[in-house]
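Notes for the one structure printed next.
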Amino acid sequence: MVDKIRTLIRMFKIYGKMDLLWFLRDTKYCLMYIFSDMISTLAVVVGVFLLAVKFDGIGGMTEKEIIFMLGYSVLVEGVFALFFISNNAGQISRTIGRGQMDHKMIQPVPVWMQLAAEGFSPVSGNGVLLCGIGLIYYSFSSSEINFSGIWIVMLLINLAASCTIMVCTIYILSCTAFYAPAAAEEIASVGIGMFESLKNYPLGGMNKSIQIFFCSLIPVGMIAWFPSRILLGKFDIMIFMVGTAAAFLILAILIFKKGMRYYAKYGSPRYSSFGHR
């Protein structure tokens, strides 16, 4: 176990250095990529914020609470970008659909370890994360959050749970590429687009059945609305957040393993040798 952890840390260092190398070799375009990512992210959340200002809050949340929820939403997206934006780790359907899982299966380290480390982008993927941290910091001055050590721990737990739910949902969708590689190659992009377009809206104004639907089968509410309500002291059921993340993680592992067994048996008719892009 210790050797596996050391290997995983080495892999994180390798991919981190590769990302830094891009910045050093092509600083201009790397900075353009980072800033454009920040601008596009802020452009999405500004629309919801302006609605909250116009109507003095939406979805049962005040303007100040909306600011915090948007900050948390961007923070989740930033963590996803930091750990999964590179080498199609966050869009695994591309790798599966192109038959490039062969590249991972012949490596001397487990597939899960490669998927965990190869998306790490500490330089090019930090723009959205910085935006999220900035919005969260700004929300402290405009909301009644009881800032404390316990609250920080709750933030980290909810953040980990939200990211787990988001990644697992994308991977569950991506497993369809094992069986329909041509049709489902870009299905991960559809899943990411779903979260990007829906996670910023509060669900408080909807009836309970719709809230449950968007917090379970299509868990966009678990990415920002539900955890932000917990952190704002409106809900006291963080165990539901953690339990949902654990359920999605187990489901994603089982479905992905089943897909890998199918892939090992039948392979893919669409092998593409050009690797990541």
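The values are calculated or read from the model by the stated rules, or taken from the named source; none is laboratory data. Quick caveat, the model's predicted, so the values are computed rather than measured. All Cβ positions, even for glycine, are placed from backbone atoms using ideal geometry, and neighbour counts span all protein chains on display. Areas reflect the complete protein model, heavy atoms only, side chains present, ligands, DNA and RNA absent. Shrake-Rupley method; radii C 1.70, N 1.55, O 1.52, S 1.80 Å.
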* Out of all the residues in the stretch 243-266, is one or more out of contact with any Asp or Glu (no Cβ under 6 Å at 6 or more places or on another chain) and assigned to a loop (DSSP other than H, G, I, E, B)? -> no
Across the stretch 173-202, the tally of residues that are open to solvent by less than 30 Å² (accessible area, probe 1.4 Å) and touching a residue at least 24 places away in the same chain (Cβ under 8 Å) stands at 13
A careful count of residues in the stretch 162-202 that are out of contact with any Gly (no Cβ under 9 Å at 6 or more places or on another chain) and of a type in the set (A, V, I, L, M, F, W, C) gives 6
Of the residues in the stretch 243-270, those that are under 30 Å from F140 (Cα atoms), under 16 Å from the mean Cα position of the chain (by Cα) and not polar (S, T, N, Q) come to A245, A246
Those residues of the stretch 54-70 that are part of a loop (DSSP other than H, G, I, E, B) and in contact with an Asp or Glu (Cβ under 7 Å, 6 or more places away or on another chain) come to a total of 2
Here the qualifying pairs (Cβ atoms under 8 Å; residues six or more apart or on different chains; first in the stretch 7-23 and within 15 Å of L82 (Cα to Cα); second open to solvent by 70 Å² or more (accessible area, probe 1.4 Å) and among the small types (G, A, S)) come out as none
### Query
Regarding F226, is this residue open to solvent by less than 50 Å² (accessible area, probe 1.4 Å) and free of Cβ contacts under 8 Å to residues at least 24 places away in the same chain?
yes
